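Chemist: Dropping the structure in here first, questions after.
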Amino acid sequence: MADIDCHSEMSTFHKEEVSLSSAQQKDMRERRDNGRTRLANGLDEAEHPQPREVRSQGSYQMRTMVQDPDNDYDIDDGAYFEKDDLQDANDAALTPLAARQRVCDALKWDGRFKREAEVRSNCVRQEYSAGYHIDVPVYRIVTTTAANGDETEHFELASSDEWVKSDARGVTRWFNNIVGELNQGESDGSQMRRVTKLSKKFARRPDWKEKTTSGICITKLVADHFAFSEDRDDLALRNTWKAINTKLQSSTALEHPVNTANLAEEGDEKLTFFRDCLSDALKTLDGLDKADATRKEVRQAWDEVFDTEFFSDQPDNDGGNGGGGGDSPKGQGPAISVITGETARRNDGGGRFG
């Protein structure tokens, strides 16, 4: 059985086609910070209390965002208010809708945006002409006192028509804690983050985005079935996908990593779509196991899986492109090496968004 090492190609693909560039990260960070300033100014203008804190959450904070050709990026920036600060002029508690409306009004107080902020079912959304948007879910901080006097806090989301106990930061903490645990030899969780991002990139091709499952579902599946492979992102990715496919063939029910409610129920349409796409991809990759498989064929298989020509376009050792030689299985000749000093310093491709 051939074992052609495509770690270098996969690393380069991750760096150039999957991870957000430094310029993209900087632009998002600046817009996020400008949004926070606008929220603060708008609340001051209306003489409403400020949130106790505003915190980034989701894939932005977990450093698992992936490139999108349409700049269809979603930044979650939760606004956490003290419960007593979400009251109307008569000191009555705001309804979830009224709380979201207050934040929405604050974000559009100066009228500078062509696309004004709008109230959604679980957040306030500010769209940008560049294509992406910032979602501001609104939370209230509820403090309870036990019989012994101990105080505890929990957070409630201003959902569609009720306050729902929730804290998306718990998902971020869960992920950031588990990446180190699941990586043998990579305490920063680099490979797991890369496999997560590569899996999300696979699922988010333009004609699939509206049909496939969510990023948090993919993240949870990778966390549950991650298969570490030292210095072999191509093997780690494929073996993780195999384990995920086995799970989804058995059941599409998927537990939430923090909350009691499931991320997906049995028969979930979008997770079933993802499962079927993943199964087809693994069938394509079966060709990698042929005893006479060539590097050209392996690269073509990964191209088909990711709907790209990137892998075949990579240069070989002799300076040619991927369509030529470089067909030696592992152990019979050197694989190409295109990992630069910058890649080595930033091997998870995620950078720091915060």
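Chemist: Is there any pair linking a residue in segment 209-228 that is under 22 Å from residue 68 (Cβ atoms) and of a type in the set (Gly, Ala, Ser) to one that is at pLDDT 95 or above and in a helix (DSSP H, G or I), with Cβ under 6 Å and at least six apart or on different chains, and which?
Modeler: What qualifies is 215/200.
Chemist: In addition: Does segment 270-288 contain at least one residue that is in contact with a His (Cβ under 6 Å, 6 or more places away or on another chain) and open to solvent by less than 20 Å² (accessible area, probe 1.4 Å)?
Modeler: Looking through segment 270-288, none of the residues is in contact with a His (Cβ under 6 Å, 6 or more places away or on another chain) and open to solvent by less than 20 Å² (accessible area, probe 1.4 Å).
Chemist: Also, I was wondering about something else. Out of 120, 140, 100, 112, which single residue is under 28 Å from residue 204 (Cα atoms) and not aliphatic (A, V, I, L, M)?
Modeler: 120
Chemist: Out of the residues in segment 195-207 that are at pLDDT 95 or above and open to solvent by 10 Å² or more (accessible area, probe 1.4 Å), state the one that is farthest from residue 255 (Cα to Cα).
Modeler: 201
Chemist: Quick check: is even one residue across segment 58-79 open to solvent by less than 20 Å² (accessible area, probe 1.4 Å) and over 27 Å from the mean Cα position of the chain (by Cα)?
Modeler: Within segment 58-79, not a single residue is open to solvent by less than 20 Å² (accessible area, probe 1.4 Å) and over 27 Å from the mean Cα position of the chain (by Cα).
Chemist: Could you list, in sequence order, all residues of segment 109-128 that are part of a loop (DSSP other than H, G, I, E, B) and farther than 15 Å from residue 41 by Cβ?
Modeler: 114, 115, 116, 120, 121, 122, 123, 128
Chemist: Mind listing whichever residues of segment 146-180 are modelled with pLDDT of 90 or more, open to solvent by 30 Å² or more (accessible area, probe 1.4 Å), within 24 Å of residue 119 (Cα to Cα) and not in a strand (DSSP E or B)?
Modeler: Selection gives 162 alone.
Chemist: Filter segment 9-36 for residues that are aliphatic (A, V, I, L, M), in contact (Cβ under 8 Å) with a residue 40 or more places away in the chain and in a helix (DSSP H, G or I); which is nearest to residue 54 (Cα to Cα)?
Modeler: 28
Chemist: With respect to residue 169, determine if the residue is touching a helix residue (DSSP H, G or I) at 6+ places or on another chain (Cβ under 7 Å) and under 30 Å from residue 87 (Cα atoms).
Modeler: no
Chemist: Which of the residues spanning segment 52-108 are hydroxyl-bearing (Ser, Thr, Tyr), in a loop (DSSP other than H, G, I, E, B) and either more than 25 Å from residue 37 (Cβ to Cβ) or touching a Pro at 6+ places or on another chain (Cβ under 9 Å) (or both)?
Modeler: 64, 95
Chemist: Now, a different point. Can you run down the residue pairs with Cβ atoms below 6 Å, 6 or more apart or on separate chains, where the first is in segment 71-85 and charged (D, E, K, R) and the partner is open to solvent by 40 Å² or more (accessible area, probe 1.4 Å) and at pLDDT 95 or above?
Modeler: 82/52; 85/49
The values are calculated or read from the model by the stated rules, or taken from the named source; none is laboratory data. Note that the structure is predicted; figures quoted are calculated from it, not measured. Cβ atoms come from the backbone with ideal geometry, glycine included; neighbour counts cover every protein chain shown. Ligands, DNA and RNA are excluded from the accessible area calculation, which covers all protein heavy atoms including side chains. Shrake-Rupley method; radii C 1.70, N 1.55, O 1.52, S 1.80 Å.
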